[in-house]
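To start, the structure under review is shown below, and the notes come after it.
The values are calculated or read from the model by the stated rules, or taken from the named source; none is laboratory data. Fair warning: this is a prediction, and the values are worked out from it, not measured in the lab. With ideal geometry, Cβ positions are generated from the backbone for all residues, glycine too; neighbour counts draw on all protein chains shown. Protein only, heavy atoms only, side chains kept; ligands, DNA and RNA dropped before computing areas. Shrake-Rupley method; radii C 1.70, N 1.55, O 1.52, S 1.80 Å.
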Amino acid sequence: MFKALSRALKPKMKPGMGPVSHEKGTTFRVWAPNAQKVYVTGDFNKWDEDANPLTHEGDGYWATDVGKAKPGDEYKFIFVNGNQKLYRIDPYARQVTGSVGNSVVHNPDFDWGDTEGFQSPNWNELVIYEVHIGTFNAPDDDRPGTFRRAIQKFSYLRELGINAVQVMPPMEFPGGRSWGYNPSLPFAVESDYGGQRGFKEFVRAAHKQGIAVILDVVYNHLGPGDLDLWRFDGWSEGDGGGIYFYNDHRSLTPWGHTRPDYGRPEVRQFLRDNALMWLHEYRVDGLRWDATAYIRNINGNDNDPAGDIPEGWNLMQWINEEVREFAPNHLTIAEDLKGNEWVVKDTGAGGAGFGSQWDPNFVHPVRTAIITNDDAFRDLDSVRNALNYRYDGDAFKRVVYTESHDEVANGKARVPEEIWPGNSHHWFAKKRSTMGAVLVMTAPGIPMIFQGQEFLQDKWFTDTEALDWDRAKELESIIYLYRDLIHLRRNLQGVTRGLTGQHVHVYHAHPTEKVLAFHRWHDGGPGDSTVVVLNMTNRTLPSYTIGFPAEGHWALRFDSHASVYSPDYEGQVSGDVTAEPGEYDGQPAHANVALGPYSGLIFSQNPG
């Protein structure tokens with residue numbers, strides 16, 4: 001009777017990896033197939049290394065239940081493998097004291113408040129703002145920013161019109177400064193940013209402002225610094241990294257010999273669990289995968305069968321299917337940058353199943369067109385091709401941009417800086433960089449801007465230099481330009497629905513006049529059909545004839561040359577036009593428009 005009662009009172013081990021807290025203690029579970037013995041030591045047993053051995057459950061998994069372990073307790077695993085005695089951070093730990101510190105039993109409870117029913121905007125209505133937590137709203141150059149400081153700017157982003165932030169990787173990395181693409185502990189949130197609770201507060205605050213959160217994840221490599229997963233349980237082959245990594249030539253990446261072994265079931269599960277954790281526990285609304293070309297190919301190449309990694313492709317398919325099953329509107333974005341449409345094709349057709357991908361066929365020709373100094377060499381055919389490009393027949397299976405963390409670093413700079421180095425606030429830099437913004441916000445695709453782009457942040461991105469918010473005050477009128485563009489892109493005034501539609505027709509691209517005109521539409525008609533005209537030269541065109549898709553009055557909704565955007569934008573010439581019947585540019589009507597230098601115009605007809 002006494003023995004039966006003791007067994008009934010003894011806590012049962014809970015399912016799940018890492019620390020699983022429950023009312024009677026905490027279950028610890030870890031995968032270490034080559035360990036002969038495993039222990040957990042921590043605050044709960046006064047760091048007694050032998051007090052809490054784990055039981056081998058089979059297939060390399062070890063587990064135990066510790067009644068005294070509670071949220072907030074620090075701990076580590078100890079593996080015995082032959083003569084080796086290894087002290088390891090829990091790979092599944094949500095909270096750590098640092099990348100070389102201890103695991104912490106986290107408290108999973110969190111009050112999500114009135115954000116419980118938040119729904120991410122439809123993909124064709126998204127406007128993404130890429131943000132780096134460490135520099136976005138840092139107190140100064142000596143201290144990194146935090147989630148709480150980033151939250152202070154959410155009302156600003158909402159007024160700008162942003163409805164999605166894409167967060168550069170906040171997983172635990174060495175030290176307190178990093179772009180984030182060197183994750184030491186993929187399940188833990190960077191301590192210096194505010195840890196796992198700080199990130200939940202960030203997501204909750206974003207949702208309260210109607211802003212979705214897309215998280216940047218890194219599965220093409222891990223580390224390589226402060227990498228406790230390296231030879232995790234003491235086993236490796238040759239110079240390899242052990243159970244979590246390929247131990248042959250497939251381990252090599254541009255960032256070290258730390259490519260995960262996508263063919264090992266337990267590693268696949270580890271990466272899948274990580275992806276789903278962000279959706280379930282942190283309620284993020286999408287994932288942006290870093291450098292997917294290096295998941296599917298050793299060398300990051302297309303048309304390289306010898307270097308292909310079939311199990312990497314299959315892993316992406318599996319996780320994307322799981323995400324779609326969990327929340328069909330959650331967006332997964334690939335940074336593949338090879339222009340390969342199979343990345344965004346449905347898994348049923350053999351594709352990787354991503355919802356969208358960063359588009360090199362937009363950013364490179366458009367950046368070149370706006371940075372080129374001599375108007376005569378501005379290539380409108382390449383811009384036309386950039387506007388027309390699409391993947392798998394869907395305009396929104398690509399993300400379009402002129403600035404990202406990669407495009408403004410690594411030997412490249414911010415667009416205004418590229419236009420005029422050291423004079424990014426100058427008229428030419430303002431005019432041509434915002435001409436690029438017009439293209440981003442009116443092109444078919446999901447538009448994205450990089451933090452500070454809307455106030456012409458200069459130089460280039462580093463993880464040690466805080467965003468200059470004083471510059472935002474100085475160039476507030478340029479922020480208004482971005483705001484007006486974004487509001488039109490989202491059709492918040494109900495007069496430019498076409499910018500959320502699938503269709504585009506670039507019907508005018510004059511090779512010498514350097515004038516471009518295109519029609520965007522969803523279903524077509526007043527309040528929907530939108531005409532965009534760009535003058536990509538440094539001269540005023542007071543009367544320039546272009547075609548229009550319908551006759552009648554076309555209201556000017558936006559003029560990037562308007563004096564309200566800068567006091568040195570002089571010689572206002574643009575206004576509403578009346579399109580007369582008569583074919584021109586293959587359109588049924590035409591009108592004379594007036595264009596300021598380096599300017600973009602947006603026209604539409606009033607609905608009803």
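At-a-glance table
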quantity	calculated
Gap separating the Cα centres of segment 330-370 and segment 549-608, nearest whole Å	32
Segment 504-594: relative contact order as a whole-number percent, Cα under 8 Å and 6+ apart	26
Proximal charge balance of Trp342 [Cβ under 15 Å; K/R count +1, D/E count -1]	-3
Accessible area (Å², 1.4 Å probe, nearest 10) - Tyr389	80
Segment 182-334 - share of DSSP beta bridges that are antiparallel (%, nearest 5)	25
Shape category assigned to segment 440-499 from the gyration tensor of Cα positions, a/c cut at 1.5	oblate
Solvent-accessible area of Phe326 with every protein chain in place, 1.4 Å probe, in Å² to the nearest 10	80
Identified option (computed Rg/Rh (Cα atoms, Kirkwood Rh); candidates (1) 1.09; (2) 0.95; (3) 1.04)	(3)
Residues Arg324 and Ala349, FRET efficiency given R0 of 22 Å [Cβ-Cβ distance, rounded to 0.05]	0.95
Simple spin-label estimate for Ala555 and Asn592 in nanometres, 7 Å along Cα-Cβ	2.5
Rounded percent of accessible protein surface that carbon and sulfur make up, the chain, 1.4 Å probe	48
Residue (of Gly498, Trp469, Asn410) at the positive-pole extreme of segment 403-529, dipole from beta-carbon charges	Gly498
Whole-Hz couplings from phi, Karplus 6.51/-1.76/1.60, listed for segment 334-348; x for Gly and Pro	9, 9, 9, 6, 10, x, 8, 6, 5, 5, 10, 6, 4, 4, x
Fully extended contour minus Cα-Cα distance, from Arg264 to His249, at 0.36 nm per residue	3.8 nm
Accessible area expressed per residue, segment 284-399, with surrounding protein chains retained (probe 1.4 Å, Å²)	36
Calculated [θ] (222 nm, deg cm²/dmol) that DSSP helices of n ≥ 4 give over the chain, each run adding -39,500 (n - 2.57)	-6500 deg cm²/dmol
Percent of beta bridges antiparallel (DSSP, the chain, rounded to nearest 5)	75
Amide N proximity, segment 465-508 versus Asn122 label position 7 Å along Cα-to-Cβ, cut-off under 18 Å	487-504
Å² of accessible area per residue within segment 469-584, as computed with a 1.4 Å probe and no ligands counted	41
Net charge dipole size for segment 314-356 [Lys, Arg +1 and Asp, Glu -1 on Cβ; Debye, nearest 20]	80
Calculated FRET value between Arg197 and Asp375, using beta carbons and R₀ = 51 Å, to 0.05	0.45
Top positive-direction residue, dipole computed over the chain with Cβ charges, set Thr27, Asn102, Asn301	Thr27
Gyration tensor (alpha-carbon) shape descriptor, segment 10-59, a/c threshold 1.5	oblate
Dipole in debye (nearest 20) - the chain, about Cα centre, beta carbon charges: Lys, Arg +1; Asp, Glu -1	1340
Estimated inter-spin distance, Asn303 and Leu276, nm [label 7 Å along Cα→Cβ]	3.9
Debye, to nearest 20: dipole size of segment 165-277, +1 on Lys, Arg Cβ, -1 on Asp, Glu Cβ	480
Amide hydrogen neighbours beyond the local backbone of Phe450, cut-off 5 Å, H modeled	Glu130, Glu403
Violating pairs (Cα-Cα greater than 28 angstrom) within the set Lys153/Lys200; Lys37/Lys68; Lys345/Lys430	Lys345/Lys430
FRET E, pair Trp469, Leu492, Förster distance 35 Å, beta-carbon r, rounded to 0.05	0.90
